[in-house]
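Encoded as structure tokens, the structure appears first; notes follow it.
The values are calculated or read from the model by the stated rules, or taken from the named source; none is laboratory data. Just so it is clear, the structure is predicted and the values come from calculations on it, not from any experiment. Reconstructed Cβ throughout: ideal geometry from the backbone, glycine too, with neighbour counts over all protein chains shown.
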Amino acid sequence: MRSLGLDIHIPFCKAKCIYCDFYSLPRAEGQMDAYVSALTAQLAAWRERTADCTVDTVYFGGGTPSYLGPDRLRRLLDAVFQSYRVAPGAEITLEANPDSAQDISALRQLHDAGFDRLSLGMQSADDAELRRIGRVHTHAQTVRAVENARAAGFDNLSLDLIYGLPEQTMTRWQANLDAALALAPEHLSCYGLKVEEGTPLFARRERFTLPDDDAQADMYLSAVGLLARQGYEQYEISNFCRPGQASRHNSRYWTLAEYLGFGPGAHSDFGGERFALARDLDAYLAGHIVYSECSAPSARERETERVMLALRTTRGVAADTLPEAARCILESCKAHGLARFSSGSYALTPRGFLVSNAIIVDILGDGALTELFSAFLRLYF
């Protein structure tokens, strides 16, 4: 049986964060029931084409999926089980904002329905930082959300943090890390702030003092060091976990495993094709499945992606699968502390991760492949 992951996009949010470039729609509660029906129909439509697949990861992302409420989310998860062969022990993740995880009863319903992993958008432990970036929760709500999740039975909890926030200092970032560690999550994702064109943050960027690249690099390295000392393993540039608690779904992206995306803005990689649904909620609710892009990467392009993605992970890439020129570049990186060689594989060090894009472009060499790499980063990272 082929392994398959499902990526279910829920675009609804209470408010749009000023840095967010994802497809999300605030204040659209009146469309939630219709959206659940549309998703259920799309899930069922893929049943026959996935008959030889076993689903071992399901990810409800957004947006803020938890705003759908337990009844709608349970209906969607039931639809997954009705339309697909779901493996015993499948990882089923729900993203939630802390303010929408304040009801223990609702969380218990979600856990009982089959959700076994909760990913909370903590982002910061400083309420002033949270307000500055348009978050609608407080740190007290994050603490309460974690307590509630534990009481509801969740034993696999992830927290998201952002470094390089407007006006953020190293001291403040380290305090955020300490606050996150105090909550004892099984998994932490630490992302550097990106100022994306078209976001409110981009329009207001001159109003803020933003940490520069060197400051962000120092924040990143401080997180890597602290988390290692606290027993967390780094397994990808931005992701850290207790032993054995890596996100199985996100790992699909870095190993080119197959996954299907549902809902407007969702991406898929299935059957040798890569495609994305248009960011158009109205069309989706009307039953029009419109694709904004579709491609069938060549064997050469897939190999480029394999190397590129492997170098984002701490497992790295097997040396005997690389051409001589690539090995020479990675040997040079090793001499400068940017890469390491172990058990027949090259992997980047934390300092190497900071300049990984430049290293990968150097390895690719070919201008066309470099453009492919850049396009891939824009789409998925």
Please work out which one of (1) surrounded by fewer than 19 Cβ atoms within 10 Å (Cβ to Cβ); (2) more than 20 Å from T349 (Cβ to Cβ); (3) touching a helix residue (DSSP H, G or I) at 6+ places or on another chain (Cβ under 6 Å) is the condition L226 fails and give its number. (2)
Select from region 9-59 the residues that are polar (S, T, N, Q) and at pLDDT below 95 and list them in ascending order. S24, Q31
Selection count, region 1-36, where residues are polar (S, T, N, Q), closer than 30 Å to L256 by Cα and over 23 Å from the mean Cα position of the chain (by Cα): 0
The one condition in (1) under 26 Å from A90 (Cα atoms); (2) touching a residue at least 12 places away in the same chain (Cβ under 8 Å) that G244 fails to fulfil: (2)
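Matching residues to (1) surrounded by fewer than 19 Cβ atoms within 10 Å (Cβ to Cβ); (2) of a type outside the set (A, V, I, L, M, F, W, C):
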| position | (1), (2) |
| --- | --- |
| A152 | no, no |
| T209 | yes, yes |
| N250 | no, yes |
| A257 | yes, no |
Of all residues in region 37-78 being part of a loop (DSSP other than H, G, I, E, B) and more than 20 Å from the chain's Cα centre (by Cα), which is surrounded by the most Cβ atoms within 10 Å (Cβ to Cβ)? W46
Can you say whether A223 is more than 17 Å from G134 (Cβ to Cβ) and more than 17 Å from the chain's Cα centre (by Cα), as far as the supplied structure shows? yes
Would you call L165 of a type in the set (A, V, I, L, M) and either under 23 Å from Q245 (Cβ atoms) or without any contact (Cβ under 8 Å) to a residue 40 or more places away in the chain (or both)? no
Only listed residue being surrounded by 12 or more Cβ atoms within 10 Å (Cβ to Cβ), over 20 Å from the mean Cα position of the chain (by Cα) and at pLDDT 90 or above, chosen from L364, L311, L348, L354: L348
Hey, can you tell me all the residues within region 74-94 that are closer than 23 Å to S105 by Cβ and touching a Lys or Arg at 6+ places or on another chain (Cβ under 8 Å)? I92, T93, L94
When the residues of region 80-94 are filtered to those that are without any contact (Cβ under 8 Å) to a residue 60 or more places away in the chain and surrounded by 20 or more Cβ atoms within 10 Å (Cβ to Cβ), which remaining residue is farthest from L39 (Cα to Cα)? A90
In the set R135, R144, which member is in the same structural domain as R108 (by TED's automatic domain parsing), in contact (Cβ under 8 Å) with a residue 12 or more places away in the chain, buried (at least 22 other Cβ atoms within 10 Å of the Cβ) and basic (K, R)? R135
In region 127-181, what residues are under 29 Å from D112 (Cα atoms), assigned to a helix (DSSP H, G or I) and under 21 Å from the mean Cα position of the chain (by Cα)? T142, A145, V146, A149, A180, L181
Just a yes or no: is a residue in region 54-76 over 23 Å from Y35 (Cα atoms), out of contact with any Cys (no Cβ under 8 Å at 6 or more places or on another chain) and free of Cβ contacts under 8 Å to residues at least 12 places away in the same chain? no
Scan region 80-97 and tell me whether some residue there is under 20 Å from Q141 (Cα atoms), touching a strand residue (DSSP E or B) at 6+ places or on another chain (Cβ under 7 Å), modelled with pLDDT of 95 or more and not in a strand (DSSP E or B). yes
All conditions in (1) without any contact (Cβ under 8 Å) to a residue 60 or more places away in the chain; (2) of a type in the set (F, W, Y); (3) touching a Phe, Trp or Tyr at 6+ places or on another chain (Cβ under 9 Å) are true of W46 except (1)
Which of the residues spanning region 98-120 are part of a loop (DSSP other than H, G, I, E, B), surrounded by 24 or more Cβ atoms within 10 Å (Cβ to Cβ) and of a type outside the set (G, A, S)? F115
Could you check how many residues of region 275-306 are closer than 29 Å to L348 by Cα, touching a strand residue (DSSP E or B) at 6+ places or on another chain (Cβ under 8 Å) and surrounded by 20 or more Cβ atoms within 10 Å (Cβ to Cβ)? 0
